[in-house]
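A.B. asks: Take a look at this one; I'll ask things after.
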Amino acid sequence: MVEELKETFRFRYVVYNFVYSSLKQRYRRSVLGFMWSVLAPLMQNLIIGVVFYYLMKFNMPNYIVYLFAGTLIYNIMSNVIIQSPTIMINNEGFIKKIYVPKLVYVLNLVSLEVVNFILILLSLLILGVAFGKLSFSLSYLFLPVSILITIFFLIGTAIIISVLSVYFRDMIHIVPVVMQAMFFLTPVLYPISNLPLKIQKLIKLNPLYYFVDIFRTPVLDNHLPSFLHVMICITITVLMFFSGILLLEKYNNKIVFKL
Amino acid sequence: MINNYSVEFKHASLIYDLYYDKTNTLKEYMVNLVHRRKYVDVGKDKLYALKDINLKINHGERLGIIGLNGSGKSTMLKLIAGLLKPSQGDLEVAGNVQPLIEIGAGFNLEFSGRENIYLNGAMLGFNKKQIKEKEKEIIEFTELEKFIDVPVKYYSSGMSLRLAFTIATIIRPEILVMDEMLSAGDLEFMQKAKERMDQILTTAKILIIVSHDMGLIRSLARRVIVLQKGEILFDGDTEDAIEFYSNMVSDKIEKKEELKKQEEQKELEQQKALTKGGESKRQEELHRQEELSRRIVVKKVWIKNSNKDIEVIMPEDALIFNVEFETNIDFAQFYINLVITDKTGVMVAHFRNDYSEIELKDFKKDSYSIKIHVLSVPFKSSKYKYYFRLVGIKDNEEIISDTKPIEFNILGNKKQHILIKHEWEIVKNNKDTVISK
């Protein structure tokens with residue numbers, strides 16, 4: 001395991017160059033460039049959010065912050081997970097012809113989404129302060145911790161999904177459908193307290209809920225997330241990350257035959 | 001730094017598990033689970049891509065690998081390059097390996113040329129600083145200065161080939177693994193590319209090359225192994241290995257031809273049985289061909305060895321290639337070809353009347369006998385074949401008649417591919433002593 005991580009570190013420039021060129025290319029040909037990647041998902045969520053707000057008629061003082069913080073962290077998770085099934089498959093040409101640790105391809109995807117996420121986060125923070133919606137407090141210092149936990153969770157999850165997808169191609173179709181369901185099962189558009197207790201219990205089985213919560217609480221409520229939720233996230237992360245690495249190690253040499 | 005690089009296969013096998021392809025969907029997997037069948041048991045077909053390979057490649061060696069398609073040559077390269085791991089046995093590689101396998105696989109079409117240089121460079125294991133150092137050299141070498149910041153998807157195939165070749169060849173590995181020769185772009189670039197390749201080839205401590213081009217193998221490898229169905233059939237000197245391989249190939253070709261003949265015979269009989277009354281289209285066609293071939297009728301083909309018998313021909317022997325034939329119509333123009341091939345059918349010599357400035361215009365209906373005096377046959381010891389190709393032109397139509405290839409043996413010259421008369425003179429300069437003459 002250590003060997004694999006060491007090798008991956010040796011090839012870190014692949015990830016660096018991939019992320020740099022992808023971002024550049026993503027914003028190269030549009031006038032608003034980077035702004036679009038902030039605006040597009042936000043406007044989309046704003047529309048759904050406002051519709052939800054009026055349909056459900058729930059009472060929330062700071063709904064706009066709740067909505068943006070939730071969708072921001074949810075979107076990075078869903079973006080990574082939805083793209084995970086094709087990681088190995090899309091890189092078939094490389095895997096068959098040149099030796100690069102396979103973890104690098106996973107990190108390419110996760111890093112690109114994380115960098116994108118951080119750029120959006122920073123611009124949202126600025127916007128939030130400018131419009132007087134946010135007030136900084138010490139709890140914000142917890143954000144890097146939440147983000148770091150989420151990143152490792154995503155790396156593990158992406159590895160597992162990408163390896164499984166090589167063996168079971170159905171995953172490519174199943175994962176987006178599951179993520180669609182998860183979007184409504186994660187309290188992003190609505191507060192969890194608004195739901196009947198029975199459904200609340202169901203939602204608490206959804207791991208993504210906890211990752212959203214440890215990110216959103218410091219921003220929204222200006223206090224630290226509950227210790228229990230942080231521990232749940234760490235447990236899931238450790239579990240996913242290490243089983244991901246072990247899975248990859250086990251199937252490392254076999255994937256190439258299945259591509 | 002180690003300065004004793006080596007590659008060693010120890011009873012290494014690579015098995016492709018064919019059953020992998022059987023369970024491809026979750027549904028099948030679930031069904032198998034429910035039936036308590038372990039899915040790996042669905043048809044246990046195993047394919048040995050490489051079988052119990054024992055091979056040591058030492059420091060400084062230039063090894064060629066030859067074999068028919070599917071014999072495991074590329075698999076062997078991929079193992080050495082670390083792209084695959086042996087399923088059984090061991091493989092020890094001392095030194096850094098870089099494969100030069102199929103260039104141009106690794107472009108991201110949306111990225112610009114420059115970005116691809118960085119991305120591919122990193123994938124070859126270079127860090128940012130090292131790539132930056134090479135960047136200028138690469139761009140200059142490819143002559144793509146104007147287009148380097150344009151996405152690769154807008155490149156012409158020649159342009160991307162040039163870029164791919166140059167990136168692939170920035171590596172300076174100790175152990176170089178190469179699949180076929182890299183071809184790149186127009187003639188001018190090819191010249192440049194060849195020089196660059198030569199540089200890499202000479203700096204590599206160990207070279208392992210797979211190719212179907214025997215000329216290339218001859219020029220690069222001093223030791224050659226012949227692979228067949230994943231096993232090493234021959235391991236030794238280049239010329240001996242190529243001889244062994246071409247014997248193997250010609251045997252195979254003969255067998256195939258025999259089979260084909262048998263099949264054709266069968267088909268013809270079936271046709272006859274089916275169409276007893278009228279003639280089928282195929283038979284009509286055959287008829288027409290027969291009609292055509294009657295216009296040039298070969299009577300006799302033989303070789304005469306000026307001094308000795310025909311069984312053993314030495315390279316220095318003078319031979320007379322004879323053909324007697326009849327033409328049944330008048331031709332406006334006529335060509336007589338003599339072709340000598342090696343046993344795999346690759347041409348080694350070709351004679352034609354107009355090459356020797358003999359024009360055969362207004363070639364009248366008659367009977368002819370042709371003698372071609374060959375002063376020497378300076379080829380390597382082996383089996384060869386020769387045949388005549390008679391071509392008559394009438395009303396802009398070519399009528400071709402080939403004689404059956406006839407085998408003959410050349411003996412005596414074991415080492416040299418083509419033996420040109422020569423002498424050696426090696427002198428020690430400071431003492432003015434002759435070592436050999």
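Every number in this text was worked out from the coordinates using simple rules, so none of it is lab data. On a predicted model such as this, the values are computed, not experimentally measured, just so you know. So basically every Cβ, Gly included, is an ideal-geometry build from the backbone, and we count neighbours across all protein chains shown.
A.B. asks: Of B:ALA241, B:THR166, B:MET123, which is farthest along the charge dipole of the stretch B:98-248 in the positive direction, counting Lys and Arg as +1 and Asp and Glu as -1 at C-beta?
C.D. replies: Positive-most Cα among the choices belongs to B:MET123.
A.B. asks: Continuing with this model, one more query. Could you identify which residue out of A:PHE241, A:PHE215, A:PHE142 has the top mean-square fluctuation in a GNM of chain A using Cα springs shorter than 10 Å?
C.D. replies: Highest fluctuation of the listed residues: A:PHE142.
A.B. asks: A further question follows. In debye, nearest 20, what is the charge dipole magnitude of the protein assembly as shown about its Cα centre with +1 on Lys and Arg Cβ and -1 on Asp and Glu Cβ, if you could check?
C.D. replies: Computed charge dipole of the protein assembly as shown: roughly 2120 debye.
A.B. asks: So who's got an amide H within less than 5 Å of the one on B:ASN108, skipping anything under 5 residues away but keeping other chains? H placed 1.01 Å off N, in plane.
C.D. replies: When sequence neighbours closer than 5 places are left aside, there are no close amide H contacts.
A.B. asks: If each of B:GLN199 and B:LYS428 carries a label point 7 Å out from its Cα toward its Cβ, how far apart are those two points in nm?
C.D. replies: For the pair B:GLN199/B:LYS428, the computed spacing is 3.8 nm.
A.B. asks: Greater than 21 Å separation of Cα atoms is the criterion. Which listed pairs, B:LYS128/B:LYS192; B:LYS132/B:LYS153; B:LYS256/B:LYS343; A:LYS96/A:LYS258; B:LYS256/B:LYS371, meet it? Write down the numbers at each step before the final one.
C.D. replies: Details: B:LYS128/B:LYS192 26 Å; B:LYS132/B:LYS153 23 Å; B:LYS256/B:LYS343 14 Å; A:LYS96/A:LYS258 11 Å; B:LYS256/B:LYS371 33 Å.
Violating the 21 Å Cα-Cα cut-off are B:LYS128/B:LYS192; B:LYS132/B:LYS153; B:LYS256/B:LYS371.
A.B. asks: Still on this structure, please answer the following. Test of understanding: given chain B, find the longest segment containing no GluC sites (Glu not before Pro) that are in a DSSP loop and have at most 13 other Cβ atoms within 10 Å. It would help to have the intermediate numbers written out before the result.
C.D. replies: Numbers: sites that count: B:GLU279, B:GLU311, B:GLU316, B:GLU357, B:GLU359, B:GLU423, B:GLU425.
Result, exposed sites excluded: B:1-278.
A.B. asks: Given +1 on the Cβ of Lys and Arg, -1 on the Cβ of Asp and Glu, and no further charges, what dipole in debye does chain B carry about its Cα centre, rounded to the nearest 20? Mind dumping the intermediate values first?
C.D. replies: On the way: 67 positive and 68 negative charges, 222 e Å.
The dipole of chain B has a size of about 1060 debye.
A.B. asks: For every helix of n ≥ 4 consecutive DSSP H residues, a contribution of -39,500 (n - 2.57) applies; sum these over chain B, divide by its total residues, and give [θ] at 222 nm rounded to the nearest 500 deg cm²/dmol.
C.D. replies: When only DSSP H runs of four or more count, the value is -9500 deg cm²/dmol.
A.B. asks: Can you list the aspartates and glutamates whose alpha carbon sits under 18 Å from that of B:LYS260, skipping same-chain ones fewer than 8 residues off?
C.D. replies: B:ASP251, B:GLU269
A.B. asks: Along the charge dipole of the protein assembly as shown, pointing to its positive end and built from +1/-1 on Cβ of Lys, Arg, Asp and Glu, which listed residue (A:PRO187, B:PHE351, B:ILE336) has its Cα farthest out?
C.D. replies: Positive-most Cα among the choices belongs to A:PRO187.
A.B. asks: Further, regarding this structure: If neighbour count is taken as other Cβ atoms inside 10 Å, put A:SER78, A:SER84 in order from fewest to most.
C.D. replies: A:SER78, A:SER84
A.B. asks: Only helical DSSP H runs with n ≥ 4 go in: add -39500 (n - 2.57) per run for chain A, normalise by residue count and round the 222 nm mean residue ellipticity to 500 deg cm²/dmol.
C.D. replies: Values: 13 runs with 198 residues, N = 259.
When only DSSP H runs of four or more count, the value is -25000 deg cm²/dmol.
A.B. asks: Here's another thing I want to ask about it. For the stretch A:21-107, with the dipole built from +1 on Lys and Arg beta-carbon atoms and -1 on Asp and Glu ones, taken about the Cα centre, which of A:PHE34, A:MET77, A:PHE52 lies farthest toward the positive end?
C.D. replies: A:PHE34
A.B. asks: OK, next. How big is the dipole moment of the stretch A:70-177 about its Cα centre under a simple scheme where the beta carbon of each Lys and Arg is +1, that of each Asp and Glu is -1, and everything else is neutral? Debye, nearest 20, please.
C.D. replies: Working: 5 positive and 3 negative charges, 29 e Å.
The dipole of the stretch A:70-177 has a size of about 140 debye.
A.B. asks: How do B:LEU375, A:LEU127 line up, fewest other C-beta atoms within 10 Å first?
C.D. replies: Going from sparsest to densest Cβ surroundings: B:LEU375, A:LEU127.
A.B. asks: By counting other Cβ atoms within 10 Å of each Cβ, how are B:ARG222, B:ARG162 ranked from fewest to most? Can you show the working numbers first?
C.D. replies: Values: B:ARG222 13, B:ARG162 24.
Taking fewest neighbouring Cβ atoms as first place, the list is B:ARG222, B:ARG162.
A.B. asks: Okay, next question. If the limit is 31 Å between Cα atoms, which of A:LYS250/B:LYS205; B:LYS361/B:LYS421; A:LYS24/B:LYS134; B:LYS134/B:LYS205 go over it? Intermediate values should be presented prior to the final figure.
C.D. replies: Working: A:LYS250/B:LYS205 33 Å; B:LYS361/B:LYS421 37 Å; A:LYS24/B:LYS134 22 Å; B:LYS134/B:LYS205 22 Å.
Checking Cα-Cα distances, A:LYS250/B:LYS205; B:LYS361/B:LYS421 exceed 31 Å.
A.B. asks: Given N residues in the stretch A:1-152, what is Rg(Cα) / (2.2 N^0.38 Å)?
C.D. replies: My calculation over the Cα atoms of the stretch A:1-152 gives 1.24.
A.B. asks: By the gyration tensor of its Cα atoms, with a ≥ b ≥ c the square roots of the eigenvalues, what is the shape of the stretch A:134-215: rounded for a/c under 1.5, prolate for a/b over b/c, or oblate?
C.D. replies: Oblate, because a/c is 1.5 or more while a/b does not exceed b/c.
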